[in-house]
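Written out below as structure tokens is the structure these notes cover.
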Amino acid sequence: MTTLTRKLECEWKSFSTDTENYTQETFETLVGDEFEAMMFEGEGQEIPSYIWTVNFVCIIKRSTRMYNDISITKIPRNPACE
């Protein structure tokens, strides 16, 4: 059985891919919302798996075809069901 270590960070930790450096300012501009927390899965991970903003949970997926890059999926934190 393998146990993942999940580390929640309440302060921004900059990270980068082969094509982009992600600072708090660039990320907030990209998603159009304000940072709250980020989670890294596994020891030594440099790119977070999840980032929480005021209104969204952003799922960060890594892709490594020709170069190391990420995609970001925004999910509303508190969807209103009618």
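The values are calculated or read from the model by the stated rules, or taken from the named source; none is laboratory data. Note that the structure is predicted; figures quoted are calculated from it, not measured. Every residue, glycine as well, gets a Cβ built from its backbone with ideal geometry; the counts of neighbours run over all protein chains shown. Accessible surface areas use protein heavy atoms only, side chains included; no ligands, DNA or RNA. Shrake-Rupley method; radii C 1.70, N 1.55, O 1.52, S 1.80 Å.
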Members of the range 28-51 that are under 16 Å from residue 71 (Cα atoms), open to solvent by less than 20 Å² (accessible area, probe 1.4 Å) and modelled with pLDDT of 95 or more: 31, 38, 48, 51
Filter result (part of a loop (DSSP other than H, G, I, E, B) and either farther than 17 Å from residue 5 by Cβ or among the aliphatic types (A, V, I, L, M) (or both)) within the range 43-62: 47, 54, 55
Subset of the range 52-73 [of a type in the set (S, T, N, Q) and exposed (fewer than 11 other Cβ atoms within 10 Å of the Cβ)]: 64, 71, 73
Residue satisfying condition, being in a helix (DSSP H, G or I) and among the aromatic types (Phe, Trp, Tyr), within set 40, 27: 27
The range 59-71 residues that are within 9 Å of residue 18 (Cβ to Cβ), paired with ones that are open to solvent by 40 Å² or more (accessible area, probe 1.4 Å) and part of a strand (DSSP E or B) (beta carbon under 7 Å, 6 or more apart): 69/63
Pairs where the first residue, in the range 18-45, is at negative phi and polar (S, T, N, Q) and the second is at pLDDT 95 or above and surrounded by 13 or more Cβ atoms within 10 Å (Cβ to Cβ), C-beta under 7 Å, 6+ apart: 24/12; 24/35
The range 24-82, residues that are of a type in the set (D, E, K, R) and touching a Leu at 6+ places or on another chain (Cβ under 7 Å): 41
Pick from the range 1-24, criterion assigned to a strand (DSSP E or B) and hydroxyl-bearing (Ser, Thr, Tyr), ranking: modelled with the highest pLDDT: 22
Of all residues making up the range 1-15, the number that are free of Cβ contacts under 8 Å to residues at least 12 places away in the same chain and open to solvent by less than 70 Å² (accessible area, probe 1.4 Å): 0
